[in-house]
Amino acid sequence: MNLSRTQERGLIILVAVGLVASGLALLLPLIPSRTTSIEPINLTGVRILIPTFLDTPEKVDLNTATVDELVTLPGIGEVLAARIIAYREEHGPFQTLDQLKGVNGIGDKVVEAIAELVTLGE
């Protein structure tokens with residue numbers, strides 16, 4: 001499963017929250033107390049916020065994107081966006097992400113940086 005960086009961070013946060021919550025529930029009875037009884041923790045009114053990473057942004061379609069849409073991608077400025085569109089118009093729609101390397105100025109690093117953020121009209 002490929003997760004974006006934001007999704008990965010969100011998942012790590014959720015796991016950490018789960019560990020803390022379950023750890024508190026498991027360790028509280030083990031904490032020495034001067035009283036002989038342990039009282040339950042009242043969690044009513046506790047609200048859990050849904051992380052924003054669940055609303056993943058819509059991917060940019062390399063085969064239909066405008067210059068304005070392409071420049072939202074990391075490493076793509078107006079010049080590269082224009083080159084992508086010119087390449088697409090000359091060679092037809094992109095069939096694979098590796099074809100993007102045929103655009104002057106785009107190499108492995110740029111393709112890797114945008115791989116999770118783009119689609120090919122699928």
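Read the figures in this text as sums done on the coordinates, not as results from a lab. Everything numeric here is computed off the predicted structure, so don't read it as measured data.
If contacts are Cα pairs under 8 angstrom and at least 6 residues apart, what is the relative contact order of the range 60-119 in percent? Write out the running numbers ahead of the final one.
Working: 53 pairs, mean separation 23.9, N = 60.
About 40 percent, as a whole number.
Subtract the Cα-Cα distance of residue 95 and residue 11 from 0.36 nm times their separation in residues, and report this length gain in nm to one decimal.
So the extension gain works out to 27.1 nm.
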